[in-house]
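For reference, the structure is listed below as structure tokens.
The values are calculated or read from the model by the stated rules, or taken from the named source; none is laboratory data. This structure is a prediction, so every number in the text was calculated from the model and none was measured. Every residue, glycine among them, receives a Cβ derived from its backbone with ideal geometry; neighbour counts consider all protein chains shown.
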Amino acid sequence: MSSVAAEVTLKRTWGLYEVYIGKKLVMAASGVVLVLYIFGHLAGNLQIYAGPERLNAYAGFLHAHTGLLWVARAVMMAAVGLHVWSSFLLWLDKRRARPIGYVKKDDVPASYASRTMMWSGPIVGAFVVFHILHLTAGGVPGLALREPVEGQYFAYQNVVGGFQHPMVALAYVVAIVLLTMHLYHGLWSMFQSVGISHPRYTPALKRTAHAVSILVAAGYISIPVSVTLGLVK
């Protein structure tokens, strides 16, 4: 591709992003990446119920493929950045177009989730940073990680040890509740962003998003609850 053609393509791409629908498409695409990560991370976390050997082996597998792991992390961080920035720009566009919002009747869960998107995102983001410092970097005072020994990882022991602290478990539960509210609104509105909106389909999409969000929340929250109750130890 010539430099002129590349420049034209770049200008067209940026031009699409500058318009409202372009930002919505970026929100939807980055949201898909984040949803896939949420599902994949949950599948990995739920291996804690298979016992220490299974979860520790899973951790060892991830660390044995650090190249792929960092690629996945880079893609996720790029998706987070695009998602947050597009969300902020869309919020600005709405404020400029209509400084005073109009009253619109909607179902309560969708309306509440929509109104909390702007502040729930940063709160979840802050917890993710804490979670990484806690269980990946070992940088939280009082929550020291058990370091690997001769290729043996102790993810199971670190997760259980972390969630035995009530405030850590509570913070995790609150963050997951906010995350799944975010997920609920994002799942069904993602289809609207790409033009899939119809009185016949939208209610079904909302119900599906609601069910998926509840299942995701139950899966994630079950882990600190099980540790707190002594079911996982």
Of the conditions (1) out of contact with any Lys or Arg (no Cβ under 9 Å at 6 or more places or on another chain); (2) modelled with pLDDT under 90; (3) loosely packed, with under 14 Cβ neighbours inside 10 Å; (4) of a type outside the set (S, T, N, Q), residue 107 fails just one. Which one is it? (1)
Among the residues listed as 131, 63, 83, 165, the single one being surrounded by fewer than 14 Cβ atoms within 10 Å (Cβ to Cβ) and either at pLDDT 75 or above or not aliphatic (A, V, I, L, M) (or both): 63
Out of 145, 133, sole residue that is without any contact (Cβ under 8 Å) to a residue 40 or more places away in the chain and either over 25 Å from residue 76 (Cβ atoms) or not in a helix (DSSP H, G or I) (or both): 145
Any chance residue 186 is over 25 Å from residue 142 (Cβ atoms) and touching a Gly at 6+ places or on another chain (Cβ under 9 Å): yes
Here are 54, 96: which of them is at pLDDT below 80, assigned to a helix (DSSP H, G or I) and of a type in the set (Lys, Arg)? 96
Pull up region 148-162, narrow it to residues that are without any contact (Cβ under 8 Å) to a residue 40 or more places away in the chain and outside any helix (DSSP H, G or I), then point me to the one that is surrounded by the most Cβ atoms within 10 Å (Cβ to Cβ). 149
With respect to the numbered conditions (1) closer than 30 Å to residue 25 by Cα; (2) touching a helix residue (DSSP H, G or I) at 6+ places or on another chain (Cβ under 8 Å); (3) not small (Gly, Ala, Ser), which one is the sole condition not fulfilled by residue 207? (2)
